[in-house]
Structure formats: structure tokens, C-alpha cells
1. In the stretch A:46-63, which residue that is of a type in the set (F, W, Y) and over 25 Å from the mean Cα position of the chain (by Cα) is nearest to the other protein chains (Cβ to nearest Cβ)?
2. Only one of these conditions is not met by A:H195: (1) over 18 Å from the mean Cα position of the chain (by Cα); (2) surrounded by 19 or more Cβ atoms within 10 Å (Cβ to Cβ); (3) not charged (D, E, K, R). Which number is it?
3. Criterion first (closer than 26 Å to A:A96 by Cα and modelled with pLDDT under 95) does B:E29 satisfy it?
4. For A:A52, are the conditions met, namely being under 28 Å from B:I38 (Cβ atoms) and touching a Lys or Arg at 6+ places or on another chain (Cβ under 9 Å)?
5. Filter the stretch B:38-71 down to the residues that are touching a residue at least 40 places away in the same chain (Cβ under 8 Å), within 10 Å of chain A (Cβ to nearest Cβ), small (G, A, S) and within 19 Å of A:A183 (Cβ to Cβ) and list them by number.
6. Would you check which residues across the stretch B:158-189 are part of a strand (DSSP E or B) and closer than 24 Å to B:H108 by Cα and list them?
7. Quick one: is A:E58 touching a strand residue (DSSP E or B) at 6+ places or on another chain (Cβ under 7 Å) and either at negative phi or of a type in the set (G, A, S) (or both)?
8. Scan the stretch A:73-94 for residues that are within 18 Å of A:V163 (Cα to Cα) and more than 7 Å from every other protein chain (Cβ to nearest Cβ) and jot them down.
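The values are calculated or read from the model by the stated rules, or taken from the named source; none is laboratory data. Here the structure is a predicted model, which means the values were calculated and not measured. Using ideal geometry, Cβ is built from the backbone for each residue, glycine included, and neighbour counts are taken over all protein chains shown.
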Amino acid sequence: MAENILHIMSDASPTPVRPPVKRHHWIVRFTHWATFVLLIGMVTSGLQIYGAYAKFGERGGPYFVNPFQDTEFPGAVRLGGWLAGALNWHFALMWALVGVGLLYLCYMMASSEWRSLLFRRRDVRGAIQMQQYYLRLRKDHPPQGKHNPLQKLAYTFIVLLGVLSVLTGVAIYKPVQFSWLTALFGGFQAARYWHFWAVWIFVGFTVAHVVLVFAVDPPSFKAMITGWYRGRFPSHD
Amino acid sequence: MIDRRAFFRLAAGAGTASLAAACKWDGGEVVKPRLLDIGRLNDWVSEKVLYSPSRLAREYATTERTARVPTYFISRTLPMLKDPAAWRLRVDGLVRQPLDLSIDDLMHMPRTTHTVKHHCVEGWTAISTWSGVPVSAVAERCELLPAARFIHFKSFDADYSNGWDLASAMHPQTILAYGMNDNPLPAAHGAPLRLYAPTKLGYKMTKYLVSMTFTDKRPGGFWEDQGYPWFAGI
């Protein structure tokens, strides 16, 4: 473990050569990149759909607080050409995305990989230490396993956001058949609202995720493609 | 750190996706038909798995009505009858007893009134009160043949029409509406008679009705034929 306790931000010495470790099963790599591509399709078709009624609230208002009210997003980030085309993309890709999500979750359960990813109560302390380290309130990198507690928090959160997106999606797809679910989110317009906000959280997460990968642990990028990791944090829980 | 092959693989994926988005792509000749196939699968799931013929849409208080409900028609000008007194709803197709019903005939049939939320495919919603005769009451009067599985509703708004499955049409909240918000149905909302169902998206509710024909084959519809979901049950 000692070799993990390196202050990565100020580590000027070249990374010592370590034997590569197998990090990601092909199911994890496949679902990761498939989710990335499918999410682009869902977000872009979603922005085209949004354009048909670019606000939230009953006809005539009042409307929910929304910086994108009456915004028409640029053609470059819209998929489908018109409302029907976008709906058909959205309702086709949703099956693939849900399928990929279920495959990922099944693999997590079957392989016990979830143990190194699920954020639990006992990770709270470590998450605070990690945050202190990032804010430079702490000098040494706290010891960690495959993922640090903040990563666990992020990867647990993003799965929950996926679940929320599916549920709000169902609530606005079938607001009569699943009226209880629609009511749970505060009604049809509120469910639309949360479905829309999930998009921006996904986008924000992706940006932060990519920045952190390249700023903190670039070899993890290669690991998500080849499966093999050769970097600073090789140990498993 | 990043190997070149991996980078190109990633770039190719992201590039294809953003190119597709940039072109406002509806799928083109190859993908669009597949998307429509999946749309038919979604129709099947929506109709056979998710749809309950007895689950009722929530009703609202009349005080919750939306002040101004948008309307649309596909004709260039508001569709109006030259001679409203001569108007009849033609009921035919796979029935024992074809009918020609006047508004007066319809008003003497069982009457249903409900205040419900309208869901437009665009995403807006509006609450109104609709009064009329349940489609099931008309079906009973015209005596369906066992082969009847669909209804084709036609209008005098250009060639606007809709095809319905029988189960959705027989839902207790599916009505032929001649009244809106305690008044006769306005011309802007489909006078003299329109279809209304809170369990469907707005574009399935044929306005300016002239006929309903029972069929054994799935009828198309104005928007449905252009790629909008056929079932559109919510």
C-alpha cells in the first residue's frame, strides 16, 4: 500500500515501471463506451424533442425556473430533424441504453465488483479525507483501493442518476398507466423537468470525469479501453 | 499515455455520433426504417403490455381548467361546415347496422362529462372539460361484427384521419365530444364533433369528424403515416 501514498500533484519523478494489472472486464469496458455513445444519442434527440415545447409547466404558466426556457438548441446538438424523427431515435435508443445498464448492473452483482464501487456509510470518512487532499488541506494522498471514496460516491451517484432518468422517462412516456410514478415526481410537467435536468448532470459529470481522468490518473483511460492498468493505483480492495 | 489505436477508435465513435447529430439525421434510408420497426415494437409493448382498458385517467376540478387551450388544424383556414344542419356522423364498415347520426341523435345517447388533462406530443398539457357520448355506446348501437378490430376516424379537415385499436376506443373515457367547458364544442376545437380520450396523445383525437369505419386492418393516420407513433397511448 505504501507505494500508493504518493502525493500525485507534486510528484515530479517519473512513474516507476510496474507490471500491468488487469483492471476492467470486457463487459465493463463495453458498457462504459456503449453508454457514452448512446447517451450522446439520447441527449441530442432529447434536445430536439425539448424544442417542441421549450418550457415546463401547464399551458399558460406559471413555469418552472429554467435558464433554457424558449431556447432552441443549435442544430449540431439535435438529432432527428423534427419531432417525430427525434422521438423515434429516443424511443429506440432507450432500449439499448436500458439493456446496457442492466448488463452492467448484472455483471456488478455477479462478479462482486460492486464492492469496490458502491459508496457505503463507511466510505464517508475516507471521502472527507480525499476532499481535504484535493483542496490541499491535507498533504498526503489517503490510502485507497481500486477506487477512492470520492470515486465510489461519483460512480454510485451516476448509476442512481441513470435510474432516475429511466423512471422520469417512464413517468412522461405513460403518465396515465403509471400515474402513481408521475405523481411521485410531482406531476407530468415536474417529471419532464427532472428528466431534463438529469441531462445537465450527465453532461457535467462527463466533463468532470474526463478532466479528472487526464489530470489525476491518465493510465486509467487506457485501462478502460484495453482492460490493463499500469499506473499509480494498481491495488484491488 | 494514450495509445494511438485506442484514440482513433474513440475518435471514430464520437465523430460518427456528432456527425449524425450535426446533420439533423433522421436515420436516412438504412436506419430510419429500423427506427420505425422499433417504433412498431414500442406500439406493441404500449398496447399489449402497458395499456389497461379499465384504468381511468385522473379527473380534475373544473376550477383547474386551463384558460387558453391551443388548437390546430391542417387546412389553411378554420374548417367549417357550409350547412351544419345537414351534418351526420357516418358509422359503417364491419357493422350489422350502419348509422347516420345527427348531433341531436348523439345528444340523446348516454352522456359522459369529464375534466381531464390533455397531453400533447410536443410536451404541453392543458386541463379542459369534455362532454359527449362514449364511443362504446355508438359501437353497441351499430352492432359490431366479430371481425371488427380497428376504427378509422375521418374528418373534413383536409385528409386528417386517425386509426384506433378497438380496446382504446372502447375505454370508458373515450368519447365523441360535442361539448367543451360546458359550452358547445367551438369550431377551433373540432366542431361539430371530435374524438376525445385522456389516455391518448392529442394527435390521435380526430377533430371535425365525418365518419368512423370499423375495419379488420390497421388504418393509418395523418401524423402516424409521417412517422409519429401509431398507438400513442399514454
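1. A:Y53
2. Here A:H195 meets the rest and fails (1).
3. Criteria met by B:E29.
4. It is false that A:A52 is under 28 Å from B:I38 (Cβ atoms) and touching a Lys or Arg at 6+ places or on another chain (Cβ under 9 Å).
5. Residue satisfying the conditions is B:A57 alone.
6. Correct list: B:I175, B:L176, B:A177, B:Y178, B:G179, B:M180, B:N183, B:P184.
7. Working: touching a strand residue (DSSP E or B) at 6+ places or on another chain (Cβ under 7 Å): yes; either at negative phi or of a type in the set (G, A, S) (or both): yes.
Answer is yes for this residue.
8. A:H90, A:L93, A:M94 - these are the residues of the stretch A:73-94 that are within 18 Å of A:V163 (Cα to Cα) and more than 7 Å from every other protein chain (Cβ to nearest Cβ).
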